[in-house]
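Student: My questions all concern the structure below.
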Amino acid sequence: MIKAIFYSKFDTIEGKDLQYHAKPSMTYILTTYWRTGPKVVHQVPDGAIVPSPTAPSQPPFLTFSDVSFFVIPRQELCGNLLQVCTNGYRILGYPICMKSVRYDRNEFIFNFCIVLAEEDDFSTYKSVVQKVADLMHGLEEQNGFLSRDFSKSGEGKIYSLCEMLMEDLNNYCECMIPIDELNTLNIKLFPIYPSPPAVKAWQVPLFTLRYQAFMDENWDLTMQRIVPHINGVNSVRIISILADTDFSLTCRALRHLLYYGCLFILDIFSFSAIYAPTAQFSPTIGSDEAMQLECARYVNLRFAPHPPTGPPS
């Protein structure tokens, strides 16, 4: 979750000038002219980065002077994803350095940064800061969108952009924000799942949902052939034999379903093994009739949509 967004710039008079930011894990844009010192111009929520007279009760999340060197770095570090952790927060940024005679000292550095709680997963936000930086770079080249903005604190297009970006990503995990007649900021946060484990021949896959609800005729042919044989009884090797599919392709298709949480893997049932309930049986299955019926549907073949069949002899 984003804590705040702010935009900062470095002026040849004001210094590193933090210009816009917005609240709930932290996101910010910063732009730089070479002036004399850091200065926060806009912040959302107000007072999240530096103390503000309009929000005296809002303590800053961090000390901006401690991280300003990383937020607006030297030119050699521009064009790279940067992150720094301080005071329990993680700052992600992608600084851009633009050179032109129209700027003071012939250069303009800006950076759009996202600040999250340090322990939060930040992998999905890496592409966000880069995409926003690239968009702002294009807008600045077209019409000086950043360098010509002299709005007061809490006003203007950049402030509104930061505010809407933070609210939409926190509430909906996506945003579509019009910038002008030709440009729109489109961002969607996609979850990143861990790589599924390798599938072994003796393991037994079991669906966590009814595959008929999402199966499509455009599916991979191997997937279409193996799915009807996944019933919680057949092992991976038997499924491959029954579906008449290559074993390696069968394993790959099952890993694909594992990746999206459509099934999980069980150990094969062995008649030589000894099975016994654990101490959790009584307070869970033993006292929950609905769960007992659900378990019956898994273990009683009469309830199975496709009775299991063994490999051809």
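A short reminder: the numbers here are calculations on the coordinates, not readings from a lab. Quantities reported herein were computed from a predicted structural model and do not represent experimental measurements. FYI the Cβ positions are ideal-geometry reconstructions off the backbone, even for glycines, and counts take in every protein chain you see.
Student: Can you give me the Kirkwood hydrodynamic radius for region 124-242, using every pair of distinct Cα atoms, in Å to one decimal?
Tutor: About 18.9 Å for region 124-242.
Student: With everything on Cα atoms, drop me the angle between helix 289-299 and the longest principal axis of the chain, reported from 0 to 90° to the nearest 10.
Tutor: 70 degrees
Student: Still on this structure, please answer the following. Quote the charge dipole size of region 95-178 about the Cα centre in Debye, to the nearest 20; the model charges only the Cβ of Lys and Arg (+1) and of Asp and Glu (-1).
Tutor: Dipole size: approximately 560 debye.
Student: Still on this structure, please answer the following. For Ile2, enumerate residues with amide H under 5 Å from its amide H, sequence gap 5+ or separate chain, H modeled in the peptide plane.
Tutor: So Ile2 has HN proximity to Ser25, Met26.
Student: Now, a different point. Obtain the nm distance between the two label points defined at Ala290 and Arg255 by a simple spin-label model: each point lies 7 Å from its Cα along the Cα-to-C-beta direction.
Tutor: With each label point 7 Å from Cα toward Cβ, the separation is 3.7 nm.
Student: D for region 203-303, whole µm²/s, Stokes-Einstein with Kirkwood Rh over alpha-carbon pairs at 37 °C and 0.692 mPa s: what number? Present the calculation step by step, with values, prior to reporting the outcome.
Tutor: Values: Rh = 15.2 Å.
D = 217 µm²/s.
Student: Relative to the present Cα-Cα distance, how much length would full extension add between Ser248 and Gln83 at 0.36 nm per residue of separation?
Tutor: Working: separation 165, 0.36 × 165 = 59.40 nm, distance 4.02 nm.
Gain on extension, Ser248 to Gln83, equals 55.4 nm.
Student: Starting from the Cα of Trp202, step 7 Å along the direction of its Cβ; do the same at Asp134; then give the gap between the two resulting points in nm.
Tutor: A separation of 4.8 nm, rounded to one decimal place.
Student: Something else now. If you stretched the chain out fully between Asn171 and Leu266, how much longer would it get, using 0.36 nm times the residue separation minus the C-alpha to C-alpha distance?
Tutor: Between Asn171 and Leu266, full extension yields an extra 30.6 nm.
Student: Lys200: which aspartates and glutamates have alpha carbons under 15 Å from its alpha carbon, excluding same-chain residues fewer than 8 sequence positions away?
Tutor: Correct list for Lys200: Asp246, Asp267.
Student: Could you sort out which of Lys126/Lys188; Lys131/Lys188; Lys3/Lys126; Lys126/Lys152 sit more than 21 Å apart by Cα distance in this structure? If you can, show how the numbers build up before the last one.
Tutor: On the way: Lys126/Lys188 12 Å; Lys131/Lys188 11 Å; Lys3/Lys126 16 Å; Lys126/Lys152 29 Å.
Where the Cα-Cα span goes over 21 Å, the pairs concerned are Lys126/Lys152.
Student: Among (1) 18.1, 52; (2) 19.7, 69; (3) 27.7, 86, only one was calculated for this model; which label is it, if the read-out is Rg and Dmax of the Cα atoms in Å?
Tutor: Answer label, from the structure shown: (3).
Student: Which of the peptides 282-294, 133-145 is most tightly packed, and how do the rest follow, judged by the mean count of other Cβ atoms within 10 Å per residue?
Tutor: Highest-to-lowest ranking by the protection proxy: 133-145, 282-294.
Student: Could I have the simple spin-label model distance between Phe190 and Lys157, label points 7 Å from Cα toward Cβ, reported in nm to one decimal?
Tutor: Once both label points are built, they end up 2.9 nm from each other.
Student: Which one of Ile179, Val204, Leu169 has its Cα pushed farthest toward the positive end of the charge dipole of region 165-221, where Lys and Arg give +1 and Asp and Glu give -1 at the Cβ?
Tutor: Positive-end residue among those listed: Val204.
Student: Right, here's the next one. If you take all C-alpha pairs in region 37-155, what percent of them are over 26 Å apart? Please report the intermediate quantities before stating the final value.
Tutor: Working: 1517 of 7021 pairs.
Beyond 26 Å sits 22 percent of the P(r) for region 37-155.
Student: Taking the Cβ-Cβ separation of Tyr275 and Glu118 as r and a Förster radius of 35 Å, what is the calculated FRET efficiency to the nearest 0.05?
Tutor: With a Förster radius of 35 Å, E is 0.20.
Student: Relative to the longest principal axis of the C-alpha atoms of the chain, give the angle of the C-alpha long axis of helix 126-143, reported between 0 and 90° and rounded to the nearest 10°.
Tutor: The answer is roughly 40 degrees.
Student: A follow-up question, please. Once fully extended, how much extra length lies between Arg105 and Arg210, figured as 0.36 nm per residue of separation less the alpha-carbon to alpha-carbon distance?
Tutor: Once the chain is fully extended between Arg105 and Arg210, it gains 31.4 nm.
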